[in-house]
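Engineer: Dumping the structure here so I can ask a few things about it.
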Amino acid sequence: MTRPGVHQITLPIPFPLQQVHCYLVETGSGWLLVDAGFPSEEARHGLDEAIRRLVGGWDSVVGVIVSHFHPDHSGLAGWIQQQAEIPVYIHEKDFEQLQSMRGMMDEGRSPMDSGPFASLPRDSQPEWERMRETREPFASFAIEPTLVQGGETFNIDGRELELIWTPGHTEGHLCIYDRADDLLFTGDHLLQRITPHIGLWSPGDTNPLIQFEESCRLVEKLNPGYALPAHEADVEQPADRSMEIREHHQTRRVEILDAVASGANTGYKISRVVFARRTEPMQQFMALSETLAHLDALVVEDRLTRSEDEDPIYALV
Ligand SMILES: [Zn+2]
(Lines give C-alpha, C1' and ligand atoms only; values in the text may rest on other atoms or scores of the structure.)
Protein backbone atom coordinates (compact mmCIF):
# COMPACT_ATOMS: atom_id res chain seq x y z
CA MET A 1 0.00 0.00 0.00
CA THR A 2 1.41 3.38 -0.90
CA ARG A 3 1.56 6.10 1.73
CA PRO A 4 1.69 9.81 0.94
CA GLY A 5 5.28 11.01 0.62
CA VAL A 6 6.72 7.49 0.76
CA HIS A 7 8.15 5.35 -2.04
CA GLN A 8 8.96 1.68 -1.56
CA ILE A 9 11.98 0.37 -3.45
CA THR A 10 12.26 -3.41 -3.56
CA LEU A 11 15.71 -4.84 -4.28
CA PRO A 12 17.00 -8.40 -4.72
CA ILE A 13 19.02 -10.14 -1.99
CA PRO A 14 20.84 -13.49 -2.20
CA PHE A 15 19.07 -14.94 0.86
CA PRO A 16 15.93 -17.10 1.11
CA LEU A 17 13.80 -13.98 1.69
CA GLN A 18 14.84 -12.87 -1.83
CA GLN A 19 13.92 -9.21 -1.44
CA VAL A 20 14.47 -6.23 0.82
CA HIS A 21 12.41 -3.04 0.85
CA CYS A 22 14.08 0.34 1.14
CA TYR A 23 11.93 3.44 1.57
CA LEU A 24 12.22 7.00 0.34
CA VAL A 25 10.55 9.43 2.73
CA GLU A 26 9.79 12.95 1.59
CA THR A 27 10.85 15.92 3.67
CA GLY A 28 10.51 19.58 2.75
CA SER A 29 14.10 19.72 1.55
CA GLY A 30 14.64 16.34 -0.05
CA TRP A 31 14.20 12.62 0.46
CA LEU A 32 15.51 10.43 3.25
CA LEU A 33 16.37 6.86 2.31
CA VAL A 34 15.58 4.20 4.91
CA ASP A 35 17.97 1.26 4.35
CA ALA A 36 20.45 0.83 1.56
CA GLY A 37 20.15 -2.68 0.10
CA PHE A 38 22.64 -5.49 -0.52
CA PRO A 39 25.96 -4.74 -2.26
CA SER A 40 25.42 -6.77 -5.42
CA GLU A 41 25.63 -5.38 -8.92
CA GLU A 42 21.98 -6.17 -9.48
CA ALA A 43 20.79 -4.35 -6.35
CA ARG A 44 23.04 -1.37 -7.02
CA HIS A 45 21.58 -1.04 -10.49
CA GLY A 46 18.02 -1.38 -9.15
CA LEU A 47 18.53 1.27 -6.48
CA ASP A 48 20.20 3.71 -8.84
CA GLU A 49 17.45 3.30 -11.41
CA ALA A 50 14.71 3.75 -8.78
CA ILE A 51 16.30 6.91 -7.36
CA ARG A 52 16.50 8.44 -10.82
CA ARG A 53 12.98 7.43 -11.75
CA LEU A 54 11.26 8.37 -8.48
CA VAL A 55 13.04 11.52 -7.34
CA GLY A 56 15.21 12.55 -10.27
CA GLY A 57 18.61 11.44 -8.94
CA TRP A 58 20.88 11.37 -5.90
CA ASP A 59 20.89 15.17 -5.56
CA SER A 60 17.36 14.90 -4.17
CA VAL A 61 18.41 12.51 -1.38
CA VAL A 62 19.41 14.21 1.88
CA GLY A 63 20.49 11.23 3.99
CA VAL A 64 20.34 7.49 4.63
CA ILE A 65 19.14 5.87 7.83
CA VAL A 66 20.35 2.29 8.23
CA SER A 67 17.96 0.23 10.38
CA HIS A 68 20.74 -2.23 11.26
CA PHE A 69 24.13 -3.40 10.08
CA HIS A 70 23.11 -6.59 8.22
CA PRO A 71 24.37 -6.45 4.64
CA ASP A 72 20.93 -6.41 3.01
CA HIS A 73 20.22 -3.15 4.88
CA SER A 74 23.59 -1.44 5.03
CA GLY A 75 25.53 -2.90 2.13
CA LEU A 76 25.16 -0.14 -0.44
CA ALA A 77 25.53 2.76 2.02
CA GLY A 78 29.24 3.22 1.22
CA TRP A 79 28.54 3.29 -2.49
CA ILE A 80 25.73 5.82 -1.95
CA GLN A 81 28.18 8.13 -0.19
CA GLN A 82 30.34 7.98 -3.31
CA GLN A 83 27.36 9.17 -5.36
CA ALA A 84 26.20 11.88 -2.98
CA GLU A 85 27.91 13.48 -0.01
CA ILE A 86 25.15 12.76 2.45
CA PRO A 87 25.12 11.47 6.01
CA VAL A 88 24.56 7.80 6.74
CA TYR A 89 22.98 7.36 10.17
CA ILE A 90 23.62 4.11 12.02
CA HIS A 91 23.33 3.14 15.67
CA GLU A 92 26.71 3.13 17.39
CA LYS A 93 26.23 -0.45 18.65
CA ASP A 94 25.69 -1.71 15.10
CA PHE A 95 28.68 0.16 13.79
CA GLU A 96 30.74 -1.56 16.50
CA GLN A 97 29.33 -4.92 15.35
CA LEU A 98 30.32 -4.21 11.81
CA GLN A 99 33.85 -3.38 12.86
CA SER A 100 34.23 -6.51 14.96
CA MET A 101 32.94 -8.56 12.03
CA ARG A 102 35.61 -7.06 9.85
CA GLY A 103 38.25 -7.65 12.53
CA MET A 104 37.26 -11.29 12.62
CA MET A 105 37.60 -11.55 8.85
CA ASP A 106 40.97 -9.77 8.88
CA GLU A 107 42.33 -12.16 11.48
CA GLY A 108 41.01 -15.17 9.58
CA ARG A 109 38.80 -16.24 12.47
CA SER A 110 35.40 -17.78 11.98
CA PRO A 111 32.40 -17.59 14.31
CA MET A 112 32.39 -21.40 14.13
CA ASP A 113 35.85 -21.89 15.57
CA SER A 114 34.86 -22.28 19.19
CA GLY A 115 32.06 -22.62 21.71
CA PRO A 116 28.70 -24.09 20.76
CA PHE A 117 29.22 -23.24 17.05
CA ALA A 118 32.17 -25.64 16.84
CA SER A 119 29.64 -28.50 17.06
CA LEU A 120 28.07 -27.55 13.75
CA PRO A 121 28.82 -29.82 10.80
CA ARG A 122 31.86 -28.48 9.01
CA ASP A 123 29.97 -28.00 5.78
CA SER A 124 28.44 -24.93 7.42
CA GLN A 125 31.85 -23.33 6.96
CA PRO A 126 32.20 -22.76 3.20
CA GLU A 127 29.66 -19.94 3.17
CA TRP A 128 31.69 -18.04 5.75
CA GLU A 129 34.95 -18.85 3.95
CA ARG A 130 33.55 -17.51 0.71
CA MET A 131 32.36 -14.33 2.42
CA ARG A 132 35.76 -13.89 4.02
CA GLU A 133 37.66 -14.41 0.80
CA THR A 134 35.57 -12.11 -1.33
CA ARG A 135 34.92 -9.79 1.62
CA GLU A 136 31.50 -9.57 0.24
CA PRO A 137 29.00 -8.66 1.65
CA PHE A 138 30.99 -6.26 3.79
CA ALA A 139 33.55 -5.01 1.31
CA SER A 140 31.51 -2.13 0.04
CA PHE A 141 30.38 -0.95 3.43
CA ALA A 142 33.08 1.70 3.53
CA ILE A 143 30.88 4.32 5.09
CA GLU A 144 31.63 7.49 6.98
CA PRO A 145 28.96 6.97 9.61
CA THR A 146 27.01 9.51 11.58
CA LEU A 147 26.54 7.58 14.81
CA VAL A 148 23.21 7.75 16.63
CA GLN A 149 21.81 6.16 19.78
CA GLY A 150 18.07 6.35 19.14
CA GLY A 151 15.85 9.09 20.53
CA GLU A 152 17.03 11.59 17.93
CA THR A 153 14.37 13.44 15.98
CA PHE A 154 14.94 14.71 12.48
CA ASN A 155 12.84 17.72 11.79
CA ILE A 156 13.42 18.43 8.16
CA ASP A 157 11.23 21.16 6.80
CA GLY A 158 7.99 19.93 8.17
CA ARG A 159 8.55 16.20 8.41
CA GLU A 160 9.40 14.88 11.82
CA LEU A 161 11.05 11.48 11.99
CA GLU A 162 12.03 9.92 15.29
CA LEU A 163 14.69 7.23 15.64
CA ILE A 164 13.59 4.54 18.06
CA TRP A 165 16.19 2.14 19.43
CA THR A 166 14.77 -1.39 19.21
CA PRO A 167 17.60 -3.78 20.15
CA GLY A 168 17.06 -7.52 19.63
CA HIS A 169 17.45 -8.54 15.99
CA THR A 170 20.74 -6.64 16.32
CA GLU A 171 21.91 -4.70 19.33
CA GLY A 172 21.71 -1.37 17.52
CA HIS A 173 18.52 -1.91 15.54
CA LEU A 174 16.50 1.23 14.79
CA CYS A 175 12.87 1.78 13.88
CA ILE A 176 11.86 5.12 12.42
CA TYR A 177 8.61 6.76 13.45
CA ASP A 178 6.78 9.32 11.39
CA ARG A 179 4.55 10.86 14.04
CA ALA A 180 2.38 13.00 11.78
CA ASP A 181 1.33 10.00 9.68
CA ASP A 182 1.48 7.56 12.62
CA LEU A 183 3.67 5.33 10.49
CA LEU A 184 6.54 3.13 11.71
CA PHE A 185 9.40 1.88 9.52
CA THR A 186 10.32 -1.32 11.29
CA GLY A 187 13.40 -2.66 9.47
CA ASP A 188 13.66 -6.29 10.60
CA HIS A 189 12.26 -5.66 14.08
CA LEU A 190 8.66 -6.36 13.10
CA LEU A 191 7.68 -8.48 10.09
CA GLN A 192 4.26 -9.66 9.01
CA ARG A 193 4.69 -13.32 8.07
CA ILE A 194 7.91 -14.54 9.63
CA THR A 195 9.36 -13.80 13.04
CA PRO A 196 12.59 -11.81 12.97
CA HIS A 197 15.69 -13.88 13.68
CA ILE A 198 16.92 -13.40 17.24
CA GLY A 199 20.34 -14.95 17.72
CA LEU A 200 23.10 -15.16 20.30
CA TRP A 201 26.49 -15.10 18.58
CA SER A 202 28.92 -14.78 21.43
CA PRO A 203 28.75 -15.29 25.20
CA GLY A 204 29.27 -11.53 25.68
CA ASP A 205 25.98 -10.65 23.97
CA THR A 206 23.48 -8.97 26.23
CA ASN A 207 20.32 -11.07 26.28
CA PRO A 208 19.14 -10.47 22.73
CA LEU A 209 15.79 -12.18 23.25
CA ILE A 210 14.92 -10.26 26.40
CA GLN A 211 16.01 -7.03 24.70
CA PHE A 212 13.91 -7.91 21.67
CA GLU A 213 10.82 -8.55 23.76
CA GLU A 214 11.30 -5.21 25.53
CA SER A 215 11.56 -3.54 22.12
CA CYS A 216 8.30 -5.28 21.14
CA ARG A 217 6.60 -3.80 24.21
CA LEU A 218 7.94 -0.39 23.26
CA VAL A 219 6.34 -0.68 19.82
CA GLU A 220 3.08 -1.93 21.35
CA LYS A 221 3.02 1.11 23.64
CA LEU A 222 3.71 3.44 20.72
CA ASN A 223 0.89 1.62 18.94
CA PRO A 224 1.49 3.00 15.43
CA GLY A 225 -1.38 2.92 12.98
CA TYR A 226 0.63 1.18 10.26
CA ALA A 227 4.09 -0.29 9.75
CA LEU A 228 6.35 -0.67 6.75
CA PRO A 229 8.89 -3.48 7.26
CA ALA A 230 12.06 -4.25 5.32
CA HIS A 231 10.80 -7.61 4.05
CA GLU A 232 7.55 -8.94 2.62
CA ALA A 233 4.08 -7.50 3.33
CA ASP A 234 3.14 -4.35 5.23
CA VAL A 235 2.17 -4.76 8.87
CA GLU A 236 -1.38 -3.46 9.08
CA GLN A 237 -1.84 -4.04 12.80
CA PRO A 238 1.60 -3.51 14.28
CA ALA A 239 0.74 -3.85 17.98
CA ASP A 240 -1.24 -7.08 17.44
CA ARG A 241 1.51 -8.57 15.30
CA SER A 242 4.09 -7.62 17.92
CA MET A 243 2.14 -9.43 20.65
CA GLU A 244 1.81 -12.48 18.39
CA ILE A 245 5.60 -12.58 17.97
CA ARG A 246 6.16 -12.34 21.74
CA GLU A 247 3.72 -15.21 22.16
CA HIS A 248 5.75 -17.24 19.65
CA HIS A 249 8.88 -16.83 21.75
CA GLN A 250 7.03 -18.06 24.85
CA THR A 251 6.01 -21.20 22.97
CA ARG A 252 9.59 -21.63 21.80
CA ARG A 253 10.81 -21.39 25.41
CA VAL A 254 8.50 -24.29 26.32
CA GLU A 255 9.81 -26.38 23.39
CA ILE A 256 13.36 -25.75 24.54
CA LEU A 257 12.59 -26.71 28.15
CA ASP A 258 10.96 -29.90 26.79
CA ALA A 259 14.10 -30.66 24.76
CA VAL A 260 16.27 -30.25 27.86
CA ALA A 261 13.88 -32.45 29.83
CA SER A 262 14.24 -35.12 27.13
CA GLY A 263 18.04 -35.21 27.64
CA ALA A 264 19.51 -32.74 25.14
CA ASN A 265 22.01 -30.68 27.10
CA THR A 266 24.19 -28.54 24.79
CA GLY A 267 23.17 -25.68 22.53
CA TYR A 268 23.76 -27.77 19.41
CA LYS A 269 21.90 -30.87 20.66
CA ILE A 270 18.96 -28.79 21.85
CA SER A 271 18.79 -26.95 18.52
CA ARG A 272 18.69 -30.28 16.67
CA VAL A 273 15.66 -31.35 18.71
CA VAL A 274 13.78 -28.04 18.47
CA PHE A 275 14.67 -27.26 14.86
CA ALA A 276 14.90 -30.85 13.59
CA ARG A 277 13.53 -29.91 10.19
CA ARG A 278 16.20 -27.27 9.52
CA THR A 279 18.85 -29.40 7.90
CA GLU A 280 20.66 -27.08 5.47
CA PRO A 281 24.03 -25.92 6.87
CA MET A 282 23.08 -22.23 6.98
CA GLN A 283 19.71 -23.09 8.53
CA GLN A 284 21.48 -25.15 11.21
CA PHE A 285 23.71 -22.19 11.96
CA MET A 286 20.72 -19.84 12.32
CA ALA A 287 18.78 -22.43 14.35
CA LEU A 288 21.69 -22.78 16.76
CA SER A 289 22.07 -19.03 17.33
CA GLU A 290 18.31 -18.74 17.83
CA THR A 291 18.37 -21.64 20.31
CA LEU A 292 21.26 -20.02 22.21
CA ALA A 293 19.27 -16.77 22.49
CA HIS A 294 16.34 -18.65 24.05
CA LEU A 295 18.62 -20.66 26.34
CA ASP A 296 20.23 -17.43 27.48
CA ALA A 297 16.82 -15.91 28.31
CA LEU A 298 15.82 -19.07 30.22
CA VAL A 299 19.02 -18.85 32.30
CA VAL A 300 18.37 -15.16 33.07
CA GLU A 301 14.82 -16.12 34.06
CA ASP A 302 16.12 -18.85 36.41
CA ARG A 303 14.44 -21.66 34.53
CA LEU A 304 17.69 -23.30 33.40
CA THR A 305 21.24 -23.53 34.70
CA ARG A 306 24.28 -23.13 32.44
CA SER A 307 27.76 -24.50 33.15
CA GLU A 308 30.91 -22.42 32.70
CA ASP A 309 32.21 -24.60 29.84
CA GLU A 310 33.14 -23.05 26.53
CA ASP A 311 30.29 -25.11 25.11
CA PRO A 312 27.97 -24.90 28.14
CA ILE A 313 25.83 -27.69 29.51
CA TYR A 314 22.23 -26.76 30.31
CA ALA A 315 20.03 -28.34 32.96
CA LEU A 316 16.55 -27.76 34.32
CA VAL A 317 16.41 -25.85 37.59
ZN1 LIG B 1 18.53 -8.27 9.44
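The values are calculated or read from the model by the stated rules, or taken from the named source; none is laboratory data. Nothing here was measured: the structure is a model prediction, and the numbers come from that model. Reconstructed Cβ throughout: ideal geometry from the backbone, glycine too, with neighbour counts over all protein chains shown.
Engineer: Condition first: at pLDDT 75 or above, more than 23 Å from GLN81 (Cβ to Cβ) and charged (D, E, K, R). Can you find one or more residues in the stretch 186-203 that meet it? Explain how you work it out, then say what you get.
Structural biologist: So in the stretch 186-203, the residues at pLDDT 75 or above come out as 186-203.
Narrowing further to those that are more than 23 Å from GLN81 (Cβ to Cβ): 186, 189-203.
From the residues that got through so far, the ones that are charged (D, E, K, R) too are 193.
Taking every residue of the stretch 186-203 in turn, at least one turns out to be at pLDDT 75 or above, more than 23 Å from GLN81 (Cβ to Cβ) and charged (D, E, K, R).
Engineer: Follow-up. Output the residues belonging to the stretch 11-23 that are touching a helix residue (DSSP H, G or I) at 6+ places or on another chain (Cβ under 6 Å) and closer than 19 Å to TYR89 by Cα. Show your work before the answer.
Structural biologist: Step one: filter the stretch 11-23 for residues touching a helix residue (DSSP H, G or I) at 6+ places or on another chain (Cβ under 6 Å), giving 11-13, 20.
Result: VAL20, single match.
Engineer: If I filter the stretch 182-221 down to residues being more than 14 Å from the chain's Cα centre (by Cα), among the aliphatic types (A, V, I, L, M) and surrounded by fewer than 19 Cβ atoms within 10 Å (Cβ to Cβ), which single residue comes out as nearest to ALA287 (Cα to Cα)?
Structural biologist: ILE210
Engineer: Still on this structure, I have one more. Would you be able to say whether some residue in the stretch 32-52 is of a type in the set (Phe, Trp, Tyr) and either modelled with pLDDT of 95 or more or more than 16 Å from the ligand (Cβ to nearest atom) (or both)? Quick ask: steps written out before the conclusion?
Structural biologist: First, the residues of the stretch 32-52 that are of a type in the set (Phe, Trp, Tyr): 38.
Next, from what is left, pick out any that are either modelled with pLDDT of 95 or more or more than 16 Å from the ligand (Cβ to nearest atom) (or both): none.
No, there is no match, as no residue in the stretch 32-52 is of a type in the set (Phe, Trp, Tyr) and either modelled with pLDDT of 95 or more or more than 16 Å from the ligand (Cβ to nearest atom) (or both).
Engineer: A follow-up question, please. Which of the residues spanning the stretch 74-101 are within 11 Å of the ligand (Cβ to nearest atom) and of a type in the set (S, T, N, Q)?
Structural biologist: Hit for the stretch 74-101 is SER74, nothing else.
Engineer: Report, by residue number, each residue of the stretch 57-73 that is more than 11 Å from the ligand (Cβ to nearest atom) and either charged (D, E, K, R) or part of a strand (DSSP E or B) (or both).
Structural biologist: Within the stretch 57-73, ASP59, VAL61, VAL62, GLY63, VAL64, ILE65 meet the criteria.
Engineer: Just checking, which of GLY63, GLY103, GLY78 is farther than 23 Å from GLY150 by Cβ and more than 15 Å from the chain's Cα centre (by Cα)?
Structural biologist: Numbers: GLY63 fails: farther than 23 Å from GLY150 by Cβ; GLY78 fails: farther than 23 Å from GLY150 by Cβ.
After ruling out the rest, the residue left standing is GLY103.
Engineer: Going through the stretch 214-241 one residue at a time, which ones are closer than 24 Å to PHE15 by Cα and of a type outside the set (Val, Ile, Thr)? Before you say what the answer is, go through the steps one by one.
Structural biologist: Of all residues in the stretch 214-241, those closer than 24 Å to PHE15 by Cα come to 227-235, 241.
Listed by number, the residues that qualify are ALA227, LEU228, PRO229, ALA230, HIS231, GLU232, ALA233, ASP234, ARG241.
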